Amino acid sequence: MPTVLPDRSVPGSGRRPYRRLSAASRAGGPPLLTTGVASATVRVAALTACQAALLVGLGLLITGPARHLWPIAAEDGVNRGFEHLRTGTFDTVTSWGSGAGNTLTVIAITLAVCGALVVGPVLPRWREAFFLAVGVSLQALVFLAITSAVDRDRPEVHRLDDSPPTSSYTSGHTGAATALYGGLAVLVLTRARRLGRPWRIAVAVLLLLIPLAVGTCRLYRGMHHPTDVAGGILNGALSLLVAGRTLLSGDAVPAPLPENAVDASVAEARKDVEPVPGATVVIVNPVSVTASDRDRLRLVLERHGRTAPRFAETTADDPGHGQASRAVAGGAALVVVCGGDGTVRAVADALAGTGVPLAVAPHGTGNLLARNLGLPMDPARALDAALGGSPHPVDLGHIEGDGLPPGHFCVMAGAGLDAALMERTPERVKSALGWPAYALASVRALRTARTRLSLRLDGDGPVHRTVRMAVVANVGRLQGGASLAPAARPDDGLLHVVLLDPRGLRGWASVVAAILRGPSRHPRHGGPEIFACRHAELTLHTPSPREIDGDPVAAGRRISARVVRGGVHVLLPDPGEEA
């Protein structure tokens, strides 16, 4: 029987792991915040540019090719319907409702809340203050870019307010209200834990209703078309997503780090725990893992009794295999890898069959292995959760082929469209945007040619298909809750071969629906075809791009993959009350 990994939300993922600081550290400022202003600025700028391009494109579509199509063509009727509902009472109420998204109102509330967060009674909440301020500011910047690029007249009804000089698309009041009150709802849900869960949900719902009320008031007063209001909501929501992705889920918050905070915290941690015997080696990718990241990992290890961990850096020529091999030869009791799926694969390849446990601290673009193991995406929190658990056997895939040296993979290996996508996504763009960078490269990758494929499963006779993409998956989950092979688990003793051959708009829609919702039992119109096996032989008619765990490798025609049951032992949190 296979060992079943616990299905869980990870214990500790909802709390900050570091709160015990010395008096000197507490006096110096917020605990363990990095000063990664440059990386945060690049990420915000890149994502904001994508957001503006998306909304401008939608606006040009609404005012151009789609202006005569439903529901755009029916918007005038909606505005006239609101005009017929007008009464003196409604005029007064909607005036107040519209004012909730007024520029001066939004600025005043934003400044007041940010000021209250910064001068908090216990510790300044810099992270939360910057999140709200950046979210509201980004919405305003994108709004100005949209109105300068998209020229749309106001509805042809009597307007109850003076018309500003900006375009009707998008609704600035609605966008600002979404960014402000939606941001407050996020802070209430994630930070105001003293209120209790029912109260947090109730307050958040009320806050989220305000932007909808503002949008309805703007429609009633004849200031915008329905799609203008929808565009404003989308603008505000995307601005919050950009700010939250950068400032709430990561470390890039411009706050000063006390000079002695790390050493003081390490010394204090050593007083409280018994040392764990054996050496700990932490393998890091120096391109993405900063000094602050290393400090946080060191603090977690010290807190769990893993004293004096040794850090080893990967290089362009050796992405982790050599460092892990030397760690095993030196008697390491635990190897920690902090990097993306490619770094994790190189380390796991070296640890396969050695019995030395591996702890994963995800710090890459996809982090698919960590996602499928249920670990948090924050490296320190993932390590903290793993060290509180125990080793679990996790399968590996053994792969070889023409031009491919034998090795192991943890996540997926494939040929065709997915490999072309990896090839055409620049490293700098991935570093700035994270996994959404793949979406930008997908337009070029979609042109990948189809090819004939011969597939043998567990020694049976060949299956012949025409495919645009073939993937051998050890795990199934992708980013954003999507799934390529829903039944695949990292400990089921099986590999899952996924074949895709979408044709035309209907075929691509079927693929997207299958990945987001799960494939149908009888795929049609190019939907995914999935086979479970222990050994797969794929032979392509023409040389095609190939990838292993997200890293492009030499193009070729053949992939041979077999499952290695329990090939590596990975530290995972045990299920408990929080799960």
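Every read-out reported here was derived from the displayed coordinates using simple, explicitly stated rules and does not represent laboratory data. Small disclaimer: the values here were computed from a predicted structure and weren't measured. We place every Cβ from the backbone using ideal geometry, glycine too, and count neighbours over all the protein chains shown.
Counting residues in segment 312-385 as N, plug N into 2.2 N^0.38 Å and put the Cα Rg over that result.
1.03
Hydrodynamic radius of segment 33-248 by the Kirkwood approach over all distinct alpha-carbon pairs: 18.1 Å.
Exposure proxy shown here: for His224, His398, the number of other Cβ atoms within 10 Å sets the order, fewest to most, as His398, His224. Among Val142, Val276, the ranking by other beta carbons within 10 Å of each residue's beta carbon, starting with the fewest, stands as Val276, Val142. With neighbours defined as other Cβ atoms within 10 Å of a residue's Cβ, the residues Tyr169, Tyr181, Tyr220 order from fewest to most as Tyr220, Tyr181, Tyr169. Quarter the surface of the alpha carbon convex hull of segment 257-388 and you get the mean projected area, 7.9 square nanometres. Charge tally for Val411 (other residues, Cβ to Cβ under 15 Å; Lys, Arg +1; Asp, Glu -1): -4.
Dimensions of segment 114-238 from C-alpha coordinates, computed as largest minus smallest value along each principal axis and given longest first, are 52, 28, 21 Å. Taking a Cβ cut-off of under 10 Å around Pro393, the surrounding Lys, Arg, Asp and Glu residues balance to a net charge of -1, with basic ones at +1 and acidic ones at -1.
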